[in-house]
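Notes for the one structure printed next.
We did not get these values from a lab; they are worked out from the coordinates using the rules stated. Note that the structure is a prediction, hence the values are computed from the model and not measured. FYI the Cβ positions are ideal-geometry reconstructions off the backbone, even for glycines, and counts take in every protein chain you see.
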Amino acid sequence: MIIFEHIQKQYSDGFIALKDINLTCGNGEITVLIGPSGCGKTTTMKLINRLINPTKGKVIIDGEDISTINQIELRRRIGYVIQHIGLFPHMDIATNVAVVPRLLKWDKQRIDKRVDELLNMVGLEPETYRNRYPSELSGGQQQRIGVIRALAAEPSLILMDEPFSALDPISREQLQEELIRLQKEIKKSIVFVTHDMDEALKIADKIVLMKDGNIVQQASPEEILRHPANDFVKNFIGKKRLQQVAKVPSVKEIMVRKPITISPKRGLAEAMKIMESKEVDTLLIVNDEDELQGYISIFDVLNEFEDESKRVKDIIQKFEHVVNPNMLLTEAINLINENNASYIPVVNDQNKLRGLLTRGSIVGHLSDVYPFNNNRGA
């Protein structure tokens, strides 16, 4: 976790680049810093690896004030990807990727294994690419190498300074998708600087929108779109994007509001009776505070039914995914499709069950919005 505490940066000519920055970047999340030129986003990111030092305030990484850490040691612990890649032209790809592991004195076998592993991770066949030179690769391939070089020494934190902005639109979109896919695998803490709102909305867990050395708004893409803090944020997002969001319903508008639930304290005979009377094959488990605990299916109940000592809490299955009531329906549909789920529970920020989004409720909404006319064309 990265914490900025009351950060100010003033240069010798008196210019104040950062005024009072307070920010937390969560573990395993992509935090995107965005704003117009000169807003302070790159300055903020460079504080993390001490390319710039603050005039006032502290930057804390995993509980440690980085001003107490040797700069070189700190930078070797942090991956860094920049716009113009910075591959060494006289080194082949394998050597480029292995720069930091060599500095850390990894043995050759470990380095070779890591290089091949990373090349495979971004779809570049090691046998084909490890001995090539940067000039023999396309811009998109070079940027992939830049990304995996930052991952080579297995850092928990990666800084990315407009890494895709110099690429053509197709390569840029491909690398954005690649980053999203990689993040699901590696779950690193990433601080990403961009000036492109579409890119921020696509990749971010948290967007930090800056202006004139201040943070104007920090929130999830969903909240930024639904609740822009002021006219500056609205203008930066753009009228077209806001209009598109206005047309898309939220999960709470579509969800089933009273799903069938049972307490974890209840017995299996009672669970079976509820399933039979409500004609369902699954029950959601909530505690006395209405917090979602998981679910049980009819198959779980039947497998353990002979053991009268068993209670619902003994056979609970956990949900891998839940959605917030304010999430856009399009995002929730993507989550359902990606996980081949028939439904997904809806919980608030306190994990209290608020409803159930099902394929049936989605189809029902679509049929209301786009009614099918059987007499059409008659």
Problem - Partners for LYS211 among lysines (Cα-Cα distance below 22 Å; same-chain residues under 8 apart left out) - result: LYS9, LYS19, LYS41, LYS46, LYS56, LYS58, LYS202, LYS234, LYS239, LYS240
Exercise for the section: Give me the number: length gained by fully extending PHE305 to GLU177, i.e. 0.36 nm times residue separation minus the C-alpha to C-alpha distance, one decimal in nm. Expected result: 41.5 nm
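Sorted by packing (mean other beta-carbon atoms within 10 Å per residue), highest first, where do 74-82, 236-244 land? Mind showing how you got there, number by number?
Values: 74-82: 19.4, 236-244: 13.4.
Packing order, densest peptide first, comes out as 74-82, 236-244.
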Problem - Options LEU18, LEU167, LEU157, ranked by Cα towards positive dipole end of the stretch 2-245, top entry (Cβ charges) - result: LEU18
Completion exercise
One finds the C-alpha centres of the stretch 312-356 and the stretch 1-48 to be spaced, in Å, by 34
Exercise for the section: Could you work out the local net charge near LEU87, counting Lys and Arg as +1, Asp and Glu as -1, over the other residues with Cβ closer than 13 Å to its Cβ? Expected result: +1
Problem - Most mobile listed residue (LYS234, LYS184, LYS56) in the chain, GNM with C-alpha springs under 10 Å - result: LYS184
Exercise for the section: Have a look at the DSSP beta bridges in the stretch 2-245 and tell me what percent are antiparallel, nearest 5. Expected result: 50
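Report, for the stretch 145-247, the % of DSSP beta bridges that are antiparallel, rounded to 5.
Values: 5 of 10 bridges.
Given both bridge residues lie in the stretch 145-247, the antiparallel proportion sits at roughly 50 percent.
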Practice task
Pop the C-beta distance of ASP288 and ASN53 into the FRET formula with R0 = 45 Å and round what comes out to the nearest 0.05.
Solution key: 0.30
Handout entry: Charge dipole of the chain about the Cα centre (unit charges at C-beta), most positive-ward option of LEU329, PRO126, GLN143
Key = GLN143
Handout entry: Nonlocal amide H pairs with ASN287, under 5 Å, H built at 1.01 Å
Key = GLN293
Exercise for the section: Read phi for every residue in the stretch 203-208 and hand back ³J(HN,Hα) as whole Hz from Karplus 6.51 cos²θ - 1.76 cosθ + 1.60, θ = phi - 60°, with x for Gly and Pro. Expected result: 9, 7, 8, 9, 9, 10
Fill in the blank from the handout: If each part is reduced to its alpha-carbon centroid, the stretch 191-218 and the stretch 112-167 end up apart, in Å, by 25
Problem - Cα gyration tensor category, rounded, prolate or oblate, for the stretch 253-368 with a/c compared to 1.5 - result: prolate
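Quick one: if the Förster radius is 35 Å, what FRET efficiency do GLN8 and PHE232 give, using the C-beta to C-beta distance and rounding to 0.05? Walk me through the numbers on the way to the answer.
Working: r = 21 Å, r/R0 = 0.60.
That pair, GLN8 with PHE232, gives E of 0.95.
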Exercise for the section: Under 12 Å from the Cβ of ASP231, count the other residues' Cβ atoms, weight Lys and Arg +1, Asp and Glu -1, and hand me the total. Expected result: +3
Fill in the blank from the handout: Out of LEU51, ASN70, GLY213 - ranked by how far each Cα lies towards the positive end of the dipole of the stretch 2-245, with unit charges on the beta-carbon of charged residues - the top one is ASN70
Problem - Between helix 359-369 and the chain: long-axis angle, C-alpha atoms, 0 to 90°, nearest 10 - result: 90
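Report the net charge of residues surrounding LYS318, where surrounding means a beta-carbon distance below 15 angstrom and charges are Lys +1, Arg +1, Asp -1, Glu -1. Mind showing how you got there, number by number?
Numbers: positive: LYS313; negative: GLU291, ASP300, ASP314, GLU320.
Local net charge: -3.
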Handout entry: Only Lys, Arg (+1) and Asp, Glu (-1) charged, at Cβ; the stretch 2-245 dipole about Cα centre in debye
Key = 320
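In debye to the nearest 20, how big a dipole does the stretch 176-220 give about its Cα centre with +1 on each Lys and Arg Cβ and -1 on each Asp and Glu Cβ?
Values: 7 positive and 8 negative charges, 50 e Å.
That gives the stretch 176-220 a dipole magnitude of about 240 debye.
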Practice task
Can you tell me the dipole magnitude for the stretch 1-69 around its Cα centre, using point charges on the Cβ only (Lys, Arg +1; Asp, Glu -1), in Debye to the nearest 20?
Solution key: 240
Exercise for the section: Work out, in µm²/s and without decimals, the Stokes-Einstein translational diffusion coefficient of the stretch 2-245 at 20 °C, 1.002 mPa s, Rh from Kirkwood over C-alpha pairs. Expected result: 114
